[in-house]
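Okay, so here's the structure we're looking at.
FYI, it's all coordinate maths here, none of it is from the lab. Only a predicted model underlies this, so the values are computations on that prediction, with no experimental measurement involved. Note: ideal-geometry Cβ built from the backbone for every residue, glycine included; neighbour counts use all protein chains shown.
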Amino acid sequence: MTDAQDVLDQLVQDVRDDGFGAHAVHVRTRTGTAAHAWSPDVRRDVHSIAKGVCVLAVGMACDEGLFDVDAPVGDFLPDVALGSGVDAVTTRHLLTMTSGIDLPWSATLLTDWPDLAREFLGRPTAGRVFQYSNASTYTSVRALAAVVGDVHTWLQPRLFGPLGIHDATWERCPSATSPVAAACT
């Protein structure tokens, strides 16, 4: 197994070579941890970083046998009326932005409808084509929440705690009918 410091050293070199504007990196392997910071350790808004957290959460639930990323998303939200063709959309489609469901971004996306996931899944799909939408990630976490309950609470001992993040900010969607994070947009 590669040591965490070896992985970190390679990542730091890759960032330098690429010129990528990273803030910091934290590596955790089975044998240890290592970290490097290019900027001060302060909270900042990093747009769409929560999408990665949502993907990790779904992956962890799959690894634990709690969630099937390839099951139709409607199976997890049975009270939601599905648009044409949406019965074949899976959480994998949502997380890879290949659901084909069109719901354009707006600054008020989370409050435009009484229930964003219901609005999103009620629209028709164009098939398995790329269709970027923040509502895709949000809806995938709604499906996950149907299985694990409060996603933030569920992630604390699995992701945030092991990474040393004990005060993760997890914004809530003001109109969600279940405990889902708006941070996943």
When only alpha-carbon atoms are used, what values of Rg and Dmax, in angstrom, describe region 28-69? 14.4, 39
Taking the C-alpha atoms of the chain, convex hull volume expressed per residue in Å³: 138
To the nearest 0.05, the calculated FRET efficiency linking residue 29 and residue 132 through their beta-carbon distance, R0 being 30 Å, is 0.40
Please check: in the Gaussian network model of the chain (C-alpha springs, under 10 Å), which one of 123, 28, 16 has the largest mean-square fluctuation. 16
Cβ-based net charge around residue 34, under 11 Å, with every Lys or Arg adding one and every Asp or Glu removing one: -2
For region 28-83, with the dipole built from +1 on Lys and Arg beta-carbon atoms and -1 on Asp and Glu ones, taken about the Cα centre, which of 80, 52, 37 lies farthest toward the positive end? 37
What is the dipole size for the chain, taken about its Cα centre, with +1 at each Lys and Arg Cβ and -1 at each Asp and Glu Cβ, in debye to the nearest 20? 180
Can you compute 3J(HN,Hα) from phi for each residue in region 92-105, using the Karplus curve 6.51 cos²θ - 1.76 cosθ + 1.60 with θ = phi - 60°, rounded to whole Hz and x for Gly and Pro? 4, 4, 4, 6, 9, 6, 10, 6, x, 8, 9, 8, x, 5
Around residue 90, which amide H atoms from residues at least 5 apart in sequence, or from another chain, sit under 5 Å from its own amide H, with H modelled in the peptide plane? 73
Count neighbours as other Cβ atoms within 10 Å of each site's Cβ, and list the chymotrypsin sites (Phe, Trp or Tyr not before Pro) in region 83-131 that are DSSP loop with at most 15 such neighbours. 105, 130
State, as an integer percentage, the relative contact order of the chain based on alpha-carbon contacts under 8 Å between residues 6 or more apart. 19
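What shape does region 1-108 take by its C-alpha gyration tensor, where a ≥ b ≥ c are the square roots of the eigenvalues and a/c under 1.5 counts as rounded, a/b above b/c as prolate, and the rest as oblate? Each step should come with its number before you reach the end.
Working: a/c = 2.93, a/b = 1.82, b/c = 1.61.
Judged from the Cα gyration tensor, region 1-108 comes out prolate (a/c at least 1.5, a/b above b/c).
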